[in-house]
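In what follows, a structure is listed as structure tokens, so that the remarks can point back to it.
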Amino acid sequence: MKLTVTHFKLVKNYIDDWLWNNSSTSVGGGSMFLKVYSISILLLDVLSLLVKMVYAILESIYQTVVGVSEKSVANEIVLITGTGHGIGKELAHQYAQLGAILVCWDINETENEKTVQELRKMGAKAYGYKCDVSDREAVLELAKKVKQEVGDVTVVVNNAGIMPCHPLLHHNHQEIRKIFDINVFAHFWMLEAFLPSMIQNNHGHIVALSSMAGVMGIPNLVPYCGSKFAVRGLMEALAEELREDARHIQVKFTSIMPFIVSTGLCKKPRTRFPFLLNFVTPKAAASAIIRAQRRNYAEASIPGGLLYLNNVLRLIPIKAGQYIKDFLDIGLDSDLK
């Protein structure tokens, strides 16, 4: 691919020199040569774009069929929030099996310490800290302590979150604020704490748990959907911001969109066809998250095909999509019933 781009540049430079030399010998024809030059450069840019697009599509197809090699996480310092139970606990165990150094954060000190002790019995290096990730000052202070005691964190998995499930008008303002404090603002505080060192070292990976509720609206989850849409948006925008940075920053970003994981957050799922709505276990979810991170995927859903299905359904009229949803009767009933 680099060779192709180099060829385009050489042709462009050749045309530039030729047109400049010829236009300088004829004042009257200068404007015509400039027009030819502009059109030639535009055509070369369009051709270059088409080649890059075809290459990217073929590369994606190849990676989908053949698979992508997974980078090592051995000796990486992996910080996971919400490690006291559920997906966070499973992530810690599976990263430990891959040789990572674990930094475990949870607001529940007792359950988090159990996780840390389990990891140490496995022979892993593990450090546990109590932290309310919605508290900016607490996050920044604890980040300094982690740097002193463990080192520079190279992988952050923002896993902590809450999911009240009832109609919007049954949420009070304190509950809505808490959802956004934990599900959204905590991501900003974690980025403020750990992204600068990753940029400085030109090495690191940020993983954020969004949700399928962050790509489609679900009744009884209005504030939660808003928070998870926000997470997906901030991750996509930040990844683009650093991609366009002139320093060629090699920090990676991965957004994860689980559907229903049996962690206790999703209490009353419903569907007309139960075999379509099987719960994903925390162990399976953690495995999928780590695989996506190690393969540098920008985003991934759990189960894997849901994100592609949603993208296809977005191509049909909204009402047609609603008919499909009504036929399947997939959703979550209020936890107030």
Quiz item: For segment 293-312, does any single residue satisfy the condition of being open to solvent by 70 Å² or more (accessible area, probe 1.4 Å), touching a residue at least 40 places away in the same chain (Cβ under 8 Å), farther than 30 Å from residue 154 by Cα and in contact with a strand residue (DSSP E or B) (Cβ under 9 Å, 6 or more places away or on another chain)?
Solution: no
Quiz item: Does segment 70-80 contain at least one residue that is within 21 Å of residue 202 (Cα to Cα), more than 22 Å from the chain's Cα centre (by Cα) and aliphatic (A, V, I, L, M)?
Solution: no
Quiz prompt | Unique match (being of a type in the set (Asp, Glu), open to solvent by 30 Å² or more (accessible area, probe 1.4 Å), within 19 Å of residue 192 (Cα to Cα) and touching a strand residue (DSSP E or B) at 6+ places or on another chain (Cβ under 7 Å)) among 135, 152 | solution = 152
Quiz item: Looking only at segment 115-125, which residues are buried (at least 16 other Cβ atoms within 10 Å of the Cβ) and under 13 Å from residue 84 (Cα atoms)?
Solution: 115, 116, 119
Quiz item: Any idea how many residues of segment 234-261 are surrounded by fewer than 17 Cβ atoms within 10 Å (Cβ to Cβ), on the phi < 0 side of the Ramachandran plot and in a loop (DSSP other than H, G, I, E, B)?
Solution: 5
Quiz item: Name the residues in segment 85-105 that are touching a strand residue (DSSP E or B) at 6+ places or on another chain (Cβ under 7 Å) and either crowded, with 24+ Cβ neighbours inside 10 Å or β-branched (Val, Ile, Thr) (or both), would you?
Solution: 87, 88, 91, 92, 95, 100, 101, 102, 103, 104, 105
Quiz item: Exactly one of (1) modelled with pLDDT under 60; (2) open to solvent by 80 Å² or more (accessible area, probe 1.4 Å); (3) among the aliphatic types (A, V, I, L, M) is unmet by residue 15. Its number?
Solution: (2)
Quiz item: Within segment 132-147, can you find the residues that are more than 12 Å from residue 79 (Cα to Cα) and out of contact with any Cys (no Cβ under 8 Å at 6 or more places or on another chain)?
Solution: 132, 133, 134, 135, 136, 137, 140, 141, 144, 145
Self-check item: Index of the failed condition, residue 36 passing every other in (1) touching a residue at least 24 places away in the same chain (Cβ under 8 Å); (2) open to solvent by less than 70 Å² (accessible area, probe 1.4 Å); (3) not polar (S, T, N, Q)
Solution: (1)
Exercise. Select from segment 305-337 the residues that are under 25 Å from the mean Cα position of the chain (by Cα) and at pLDDT 85 or above and list them in ascending order.
Key: 306, 307, 308, 309, 310, 311, 312, 313, 314, 315
Practice problem: Could you run through segment 136-165 and say how many residues are under 30 Å from residue 222 (Cβ atoms) and either among the charged types (D, E, K, R) or touching a helix residue (DSSP H, G or I) at 6+ places or on another chain (Cβ under 8 Å) (or both)? | Solution: 13
Practice problem: Select from segment 210-223 the residues that are aliphatic (A, V, I, L, M), open to solvent by less than 60 Å² (accessible area, probe 1.4 Å) and assigned to a helix (DSSP H, G or I) and list them in ascending order. | Solution: 212, 213
Quiz item: Which numbered condition trips up residue 231, out of (1) part of a strand (DSSP E or B); (2) open to solvent by less than 40 Å² (accessible area, probe 1.4 Å)?
Solution: (1)
Quiz item: From 60, 38, 26, which residue is modelled with pLDDT under 95 and in a loop (DSSP other than H, G, I, E, B)?
Solution: 26
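The values are calculated or read from the model by the stated rules, or taken from the named source; none is laboratory data. If you're wondering where the values come from, they're calculated on a predicted model, not measured in any experiment. A quick note on method: Cβ atoms are made from the backbone with ideal geometry, for glycine too, and the neighbour counts reach across all protein chains shown. For the accessible areas, the whole protein counts, side chains as well, though only heavy atoms, and no ligand, DNA or RNA atoms are used. Shrake-Rupley method; radii C 1.70, N 1.55, O 1.52, S 1.80 Å.
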